[in-house]
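The values are calculated or read from the model by the stated rules, or taken from the named source; none is laboratory data. Quick caveat, the model's predicted, so the values are computed rather than measured. Neighbour counts are summed over all protein chains in view; Cβ atoms, including those assigned to glycine, are modelled from backbone coordinates with ideal geometry. Protein only, heavy atoms only, side chains kept; ligands, DNA and RNA dropped before computing areas. Shrake-Rupley method; radii C 1.70, N 1.55, O 1.52, S 1.80 Å.
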Amino acid sequence: MKWLGRRQSDNVEDRRGLSGGKVIAGGGVIGIIILLLNVFGGETGQQIAPILEQMQGGQSQQTEAAAPLSKEDEEMGNFVKVILADNEDIWSKIFAEHGMTYEKPKLVLFKGSVQTACGGASSASGPFYCPGDRKVYMDLAFFEELKTKFGAKGGDFAIAYVIAHEIGHHIQTLMGTSAKMRQEQEGKSEAQANKLSVALELQADFYAGVWAHYNQENLDTGDIDEALSAANAVGDDAIQSKMQGHVVPDSFTHGTSEQRMYWFKKGFKSGDIKQGTTFEEIR
């Protein structure tokens, strides 16, 4: 992606040089499973850290003061600032065209663990959006895991896609979609509630595609393939097949690989937020 020399957002909080306090000790297979189940975790990923800690016997340790950021860390931070700036510019314009005002969220970079308005979280939660403080939280180490362990191509646009997906959850908060979904989940069976969760996640994928549609002048050849590879790697069916050897559709909360790629591509091709009709089509 073409990003060098472009505007950087002032709304990135870089906490990677700070001590993270408690972190989850060990990790291993449990940590990987939790990361997979909560990748792009929307509004609930931040709840996983305390569960994981309990599963591991409550073992924890205190982090030492983080080392100074490397040149690579600084470069990745600058890249994230450009991607967030692109989201700010594009969504501000789209909202204005529909008679709305876009409220810019913060994006927090951290290493190991982080405290949020939604509670404490570790890197095992994966990237997530917290509606309590309207911030996106992300440990960039996640993307190496995505590539080396789960078969995604990697690349800078995979990171851009994830950021745009999490911003999609912010858009759903601003539009009231998330609150409406939670209301609809009340009294539903687990399978029915999960379908609504899938619709929310797929709509965030769609919004990521809309963002990419309006950012085509800055895309390089292969960028969309990187995004689709990431979406494919984190489909519920792909994750369950890899981790347990079979799939349980009623337990899906984020959508299949095919669905995630389909909705990203639909957003990318249309650029029309009115076509993000995942709730109508998932029912």
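Would you grab the residues whose amide H sits under 5 Å from the one on VAL108? Only those 5+ places off in sequence or on another chain, please, with H modelled 1.01 Å from N.
HN-HN under 5 Å from VAL108: GLU13, VAL136, TYR137, MET138.
What is the extension gain from ARG6 to ASN78, computed as 0.36 nm multiplied by their sequence separation minus the C-alpha to C-alpha distance, in nm to one decimal?
Numbers: separation 72, 0.36 × 72 = 25.92 nm, distance 0.97 nm.
Here the segment from ARG6 to ASN78 would lengthen by 24.9 nm.
Could you tell me which of the pairs LYS93/LYS266; LYS2/LYS269; LYS111/LYS242; LYS2/LYS106 are separated by over 25 angstrom between their Cα atoms in the structure shown?
Long pairs (Cα-Cα over 25 Å): LYS111/LYS242.
Using 1/(1 + (r/R0)^6) with R0 = 45 angstrom and r between the beta carbons of SER92 and HIS246, what's the FRET efficiency to the nearest 0.05?
Between SER92 and HIS246 the formula returns 0.50.
Which order, highest average first, do 92-101, 232-241 follow once you tally other Cβ atoms within 10 Å for each residue and take the mean per peptide? Spell out each step's value before the answer.
Values: 92-101: 11.9, 232-241: 20.1.
Ranked by mean Cβ neighbours within 10 Å, highest first: 232-241, 92-101.
Provide, for q = 0.26, 0.29 Å⁻¹, the log10 of I(q)/I(0) from a solvent-free Debye sum over equal Cα point scatterers in the range 210-252.
The calculated log intensity ratios at q = 0.26, 0.29 Å⁻¹ are -0.85, -0.97.
For the ranges 180-188, 119-127, what's the packing order if you count other beta-carbon atoms within 10 Å of each residue, average per peptide, and put the highest first?
119-127, 180-188
May I ask you to rank LEU69, LEU18, LEU219 by accessible area, largest first, using a 1.4 Å probe over the protein chains only? Numbers along the way, then the final one.
Working: LEU69 50, LEU18 105, LEU219 25 Å².
Ranked from most to least accessible, the order is LEU18, LEU69, LEU219.
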